[in-house]
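The values are calculated or read from the model by the stated rules, or taken from the named source; none is laboratory data. Note that the structure is predicted; figures quoted are calculated from it, not measured. Ideal geometry is used to build each Cβ from the backbone, glycine not excepted, and the neighbour counts take in all protein chains shown.
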Amino acid sequence: MEIQTMQTTFNSQRATRRDFIRKTAATTAVLAATPLLRRVAHGQAPAAGNVLGANNRIVVGFIGVGGQGMNAHVRIMKANAQANNVALAAVCDVWDKRIRAAKEFIEKDNPGAKVEGYGDWRKLIERKDIDAVVISTHDPLHAEPLIAAVESGKHVYCEKPLTRYLGEAFAVRDAVKRTGKILQVGSQGCSAKAWHVAAQMIREGKIGQLVWAQGYYCRNNPKGEWNYPMDSDATAQTVDWEKWLGPVKRRIPFTPQHYFRWRKFYPYCAGLLGDLIPHRLLPLMLATGNPEYPSRVVCIGTKNVHTDKKQTDGTPERDVPEHVEILVEFPSGVTLVLASSTVNARSPGFALYGHHATLEIGTSGERIQLLPEKEFADEIDPETLQGLQPTEDIGAHHANWFECIRANKQPNCGIDLAVRAHTVISLAEMSDRLKIACLFDEKTGKVTTADGKEIQPLTYGSTELS
């Protein structure tokens, strides 16, 4: 399916809300010049000067204030509100209990704060006084509010993955490009310094021609990953289930197992590919120095431990795999290998392998080593940089977003990187579920098998579990 066709299909689903969305247009910001290696490594890039609106307070609203939205975003953003010069003004969720909790938390010990709560994200986006929106819903509710937000003139921080399906990702890309709004995707590893240092070293030819890269995200959860506690206060009467389902085609009655443990079920998430893999894929693609769309993706997922069957609370077995491995080929010939598991935590390291040398990166992006190949040891000196800003700093990722809004520049995990990585994720899901190798043509947006047969990308309604 061509990109234009996928975008048109998705756009038709948005017609009912166009009467209140104000169209805007702006040019896409140009990336700032790359600073010197060590200044980048230690966060000493030159400050932007004479930036319009640099001292203006940014007013933020939150769509989705469940576990991730509340703990990773509302709490951290409130703690850093003064440093970032932001005001937290509105929250939205389909469960009224979460709305009340978020409002009370923001207003507590915050004299003069007045936070509005909404059950419909459209009402929040209609607010002309809100400058930026954080989207922390489950995956099917990323694309529509994101596009509506940027078209109404708001900047967006959206949790990973960018969208649930590939067609939505291209529609989001086009909306962000068209409006010129600043989008940050929530793979906070992209704000760790080591990945940026690696990218600069590769662009400068420090390791010769890049050959391949590897990464991982592995856990071992005997109780079954994502089997979160379920709150009995969430019922068909207190949760707006129809709004929560959004574009999902498989309409079932309110089910606590699906509401609280949605990452286990295909209608709402691709499992490891949607939750853990983005935290490694996006930084590794950034570190190549030239993130590309994939040309070929193969993925194998397995589910042979069956951790859900060992539980005693009646949890259904997950749709998604317990372990996945991805092999990606890019047009330049670079390949990337990723593994993610919920049943074994032993893991390889992070590395980018060049013809002349290898870069090994610490687990949290806090360290980078340049290791020459023995054949080039006389030409390249080993080098180690320690104490770099680590990966899992969501506050730093927030701060980068706000800085880029004020400076009108692209953030560490902006749309160009995000849509390329999401293409990998979507093709990996297709490869695993359809048991095929997926080839991708960037120019046409078509997905084919090796013999040239076109495969329609997965979307809502294309399978029983969508």
When ALA101 is evaluated against the numbered criteria (1) within 20 Å of ALA81 (Cβ to Cβ); (2) small (Gly, Ala, Ser); (3) in contact (Cβ under 8 Å) with a residue 40 or more places away in the chain, which criterion, by number, is the only one it fails? (3)
Output the number of the condition that ILE125 fails; it satisfies all remaining conditions of (1) in a helix (DSSP H, G or I); (2) surrounded by fewer than 23 Cβ atoms within 10 Å (Cβ to Cβ). (2)
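Tell me the residue from GLU392, GLU403, GLU454 that is within 25 Å of PRO283 (Cα to Cα) and modelled with pLDDT of 95 or more, please. Break it down stepwise before answering.
Numbers: GLU392 fails: modelled with pLDDT of 95 or more; GLU454 fails: within 25 Å of PRO283 (Cα to Cα).
Unique residue meeting the criteria: GLU403.
Mind listing just one residue for me: the one in the stretch 259-317 that is assigned to a loop (DSSP other than H, G, I, E, B) and acidic (Asp, Glu) and, of those, modelled with the lowest pLDDT? Working first, answer last.
To start, the set of residues in the stretch 259-317 that are assigned to a loop (DSSP other than H, G, I, E, B) comprises 261, 265-271, 276, 288-295, 303-306, 311-317.
Filter once more, keeping what is acidic (Asp, Glu): 292, 313, 317.
Values: GLU292: 98, ASP313: 81, GLU317: 96.
Top of the filtered list is ASP313.
Can you name the residue in the stretch 331-370 that is part of a loop (DSSP other than H, G, I, E, B) and hydroxyl-bearing (Ser, Thr, Tyr) and is also nearest to LEU276 (Cα to Cα) among such residues? Explain how you work it out, then say what you get.
Taking the stretch 331-370 as the starting set, the residues that turn out to be part of a loop (DSSP other than H, G, I, E, B) are 331-334, 342, 344-349, 355-356, 362-367.
Remaining after also requiring hydroxyl-bearing (Ser, Thr, Tyr): 332, 342, 347, 363-364.
Numbers: SER332: 26, THR342: 10, SER347: 14, THR363: 14, SER364: 14 Å.
Step by step, filter the stretch 331-370, then rank; the result is THR342.
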Determine if the stretch 348-371 includes at least one residue that is aliphatic (A, V, I, L, M) and closer than 30 Å to THR307 by Cα. no
Is at least one residue of the stretch 149-168 basic (Lys, Arg) and in contact with a His (Cβ under 9 Å, 6 or more places away or on another chain)? yes
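Go through the stretch 373-416 residue by residue and tally those that are over 25 Å from SER347 (Cβ atoms) and outside any helix (DSSP H, G or I). Please lay out each step first, then the result.
Step one: list which residues in the stretch 373-416 are over 25 Å from SER347 (Cβ atoms), which gives 374-381, 395, 398-411, 414-416.
Adding the requirement that they be outside any helix (DSSP H, G or I) leaves 377-381, 408-411, 414.
Matching residues across the stretch 373-416 total 10.
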Can you say whether TYR216 is in contact with a helix residue (DSSP H, G or I) (Cβ under 9 Å, 6 or more places away or on another chain) and assigned to a strand (DSSP E or B), as far as the supplied structure shows? yes
